[in-house]
Structure formats: C-alpha cells, structure tokens
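In what follows, a structure is listed as structure tokens, so that the remarks can point back to it.
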Amino acid sequence: MHKGKKIRVLIAKPGLDSHDRGAKIVARALRDAGMEVIYTGLRQTPEQIAETALQEDVDVIGLSILSGAHKTLFPRIMRLLEDQDMTDVMVFAGGIIPEEDIAELKKLGIREIFGPGTPTETIIQYVLENISKKS
Amino acid sequence: MTKTEEIAKGILAGNRRSIAKAITIVENDDQEAQKLVKEIYPHTGRAHIIGLTGAGGAGKSTLIEKMVKEYRRIGKKVGVVAVDPTSPFTGGAFLGDRIRMQELCMDKDVFIRSMATRNYAGGIAKATKDAVRVLDASGKDIVIVETVGAGQSEVEIIRVAQTTVVVHAPGLGDDIQAIKAGIMEIADIFVVNKADREGADKAVIDIQSNLQLNNKEKPWRPPVLRTVALTGEGILELIGQIEQHRCFLEGNVECKTALLRTKTETELVEAIRERVTNSVIEELKRKGEFDELVHEIMERQTDPTSAARRLLKRALKNET
C-alpha cells in the first residue's frame, strides 16, 4: 500500500513438533522490530496455516519445523496459498532443514531458509528489504 | 467497479478474502476506509455485538472458544476480533489470542481476526469498530470482541459492544474489593472463570455485594456467573444470559434507543473532532505559523494554551 503500513507476519508451526522455542524467539524479534506477529501455536495443519494467513491478511509467513516433515508439508502449504491467490505473500522457513533440501524448497516459492543460529537481525533485515508493498 | 466496491460486494456475499482485505483497509487507509464503510454501513446493525474484557490470564480467549462452539452448535455465524497491545516503544505487537481458538479455524462460518491496538487507548483498536461493522455486514449473527487484558480503565469496549461481559478469575492478585470505578461499572454480565479454583466463591460474593451497593434502581441487574472455560462448564448459562440481555435491549426500546443514541453521538463527535483537528493543523503547518508558535513557546514568550487560542482564532478567521 504505502510506507508506514504495519507488516503483519504469521509465524506457524506445521506438523507435530513438540516445542516452539525457536519460533517464539523469531516472533518476539519481529515484534521488537515493529511488526505485528500472529502466532498460532503448535501442531498446525497446512489448511489451518493457509486459512489463518487469509483471515489475518498477512504480508509474511514464517514456517518453523523441526520434525523433518518439511518435504511433505511445505508443498501442501504453498499449493493452498496459490489456490487462495496469495502468491504475493513472502514465505520463509526455519528450523531443522537439511542443506540439500533448500533448493527444492526454494523452487516451491519459499524465499529463504533461516537455519538454527541465524541471527534474528538477519531475518528482520531480510523481511524489511524484500517486503513488497501490496496494493 | 472500483476495488473498494468489489470488496464491499464480497463482504455482503460473506466472502472471507473480502472480509480480510476490508479489515486491513479500515486499519490502514483512511480514504479507502471511508468509502468502504459508506458502502457497507446500511447493511450493519443486524449482528449482536458482545464485548469480553477482564484482566490478562482470566481466560477470555478460552471462554470465547467455547462460546463460539456453542453458537455454532445452534447455527449462528460468528465473527471474533481479538485485540492485543502494541508496544509504545517498538510499534510492534505479539498477537497470540488465536492460539486458543485455532480449532475453529476451518469452520467457514467463523471468522477470526487479530488486531493490535496501535497505541489507541481504552483496550481496543481505533479500527475495531469498523472491523466489527465489516463482520456484521458479512452476515455474522454474533460478533465477539476480546479486548486487551484490561485493568481499570480499558472501557472503550462499551462504545462498540451491546453486551459487555467482564471476566474475572480468582488468584490473579486483584482483590475485588479494591476494584473501583471503570471496569466494574461497564459489565452487563460478570463471569468468574476458573470457578473450580480456591477463591471463586469469595469472588462471586464480593462482586454481588459490590453490585448491591452500586446499582440502585437500574433496569438490568448484571448476573454473576461461574464458568470453567477449560471444561466448558457454565458456558450454556453464559450464552443464555447474553441472549436474555439481548432480549432486554430489544424489549426495552427506550433503553436501547438511549444507548444507541449515546454511541452514535460519541462517534460523530469524535469523527468531526479528528477531521477538524487534522485539517486545521495541516493548514497551520503548511503556512509555517505552527513552527513559529512552537518556537515562541520554547522561548517562554507564550504558553501552549494561549498559543493554541491564537492559532485557532487565526485559522477560523481564515475559514470565513
């Protein structure tokens, strides 16, 4: 829209992870950087994530996954977003995602993978620099 | 058809994407928001608006989840607006109320939206009223607004809601007897949640005696209910009382009209005030008079009130 519009981010945990420490750290960092962060808790299905993103009209989605199920879940999520006509939403991911899977995930439309140990400042800068102002 | 007209049409058809886009517009874009509200306003006034307020940790979100499930069971369409505070330092917000409501996510007749206060005072966001209108116009029978975890003075919810529910839980550290004006006065219904905990009975008694002291001859006597949101205990009674209150408002036309009149007058005054203020200040800044006076005040040549009077006199003179 125009400068000054708040960036709304959905931090989502698809699958069956048992803890969300990392996701919460990223959520808090983005909040401290001035964004409005919606966090929906553990054990979200791809359908729940896509529907939440729609209702909350988010600009960014951060997917956090530790269980290794990213190759199953991420394609479903990206497909649902496409069906909902939400391909302009920036999607990034983090958690336990092997190096060799990154290229495949980027082909799905996931812009960047931020692995364990990534400084939160890096993620913040990435979002701020790459966010497209939605019309 | 313009984009705004398209969105308005979508809202009236209950389209979720249109609803979502519309709420973003009313939050951000003053010009488009005005056009949008103008389009949908004639279609509002149908939904029953329920406000839920109370200290953080009282169990509002969990209570709402159970309430929505019950409303759905009886076939009502529901909208929820959950408000959380914006940091006055960073401008950011952590919107976590949805966590407790995610089971409702896939129900097409439930729409949940998280809003940040964006530093508006009083427990809700400035755009909450219009967000509620969007949900109302989209065909929801019930719209529930969850305010920021409130203390004493977050009472803006009464400007938005028809039925205000104040939720309290024992053991949160605030003694009912210490609660003074504000939040105790706005309740149409009191709920003591976590009623299985120690201190619940005392809380109920305290609230009831407080009410006896305060509410001399009011036509609606706020009931004090017990719930255990986690198990769903007491929810049916809560829904029942909300419905009773709605009937009371419908039946008591005088009361209903008086409330609506107060709300409408307040909103109109605020809308006028905001526009007048903004346009006057814009004009004064444009002409440089504003900066002149700021300088004079800093030099102690004048005081803020006198400066404001001078500016206003000049501004109004220029209007005629």
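Throughout, read-outs are computed from the coordinates displayed, never taken from laboratory work. Keep in mind that what you see is a predicted model, and the values were worked out from it rather than measured. Positions of Cβ are backbone-derived with ideal geometry, glycine not excepted, and every protein chain shown enters the neighbour counts.
Here are a few things to note about the model shown:
- Axis of helix B:60-73 versus longest Cα principal axis of chain B: the two differ by about 70°, to the nearest ten degrees.
- Axis of helix B:289-298 versus longest Cα principal axis of chain B: the two differ by about 80°, to the nearest ten degrees.
- Ellipticity estimate at 222 nm from DSSP helix runs (n ≥ 4, -39,500 (n - 2.57)) divided over chain B, nearest 500: -15500 deg cm²/dmol
- Cβ-Cβ FRET estimate between residue B:87 and residue B:259, R0 fixed at 22 Å, reported to 0.05: 0.05
- Nonlocal amide H pairs with residue B:144, under 5 Å, H built at 1.01 Å: B:50, B:79, B:80, B:81
- Value of relative contact order over the range A:8-127, rounded to a whole percent, pairs C-alpha under 8 Å and six or more apart: 28 percent
- Förster radius 30 Å - calculated FRET efficiency between residue B:286 and residue B:28, Cβ distance, rounded to 0.05: 0.80
- Contact order normalised by residue count of chain B, Cα under 8 Å, 6+ apart, percent: 17 percent
- Contour excess over end-to-end distance, with Cα ends at residue B:209 and residue B:297 and 0.36 nm allotted per residue: 26.5 nm
- Sequence of A:89, B:132 once ranked by neighbouring C-beta atoms within 10 Å, starting from the fewest: A:89, B:132
- Chain B: angle of helix B:128-137 to the longest principal axis, Cα-based, in degrees nearest 10: 60 degrees
- Prolate/oblate/rounded call for the range A:1-59, Cα gyration tensor, a/c under 1.5 rounded: oblate
- Residue A:88 versus residue B:310: modelled label distance in nm, points set 7 Å from Cα along the beta carbon direction: 4.8 nm
- Debye, to nearest 20: dipole size of the range B:264-319, +1 on Lys, Arg Cβ, -1 on Asp, Glu Cβ: 280 debye
- Gaussian network model of chain B, springs between alpha carbon atoms under 10 Å - residue of B:305, B:62, B:231 with greatest fluctuation: B:305
- Three-way shape call for the protein assembly as shown based on the alpha-carbon gyration tensor, with the a/c threshold at 1.5: oblate
- Toward the positive end of the charge dipole of chain B, with +1 on the Cβ of Lys and Arg and -1 on the Cβ of Asp and Glu, the farthest Cα among B:101, B:82, B:25 is that of B:25.
- One Cα centroid belongs to the range B:61-88, the other to the range B:192-257; the line between them spans 18 Å.
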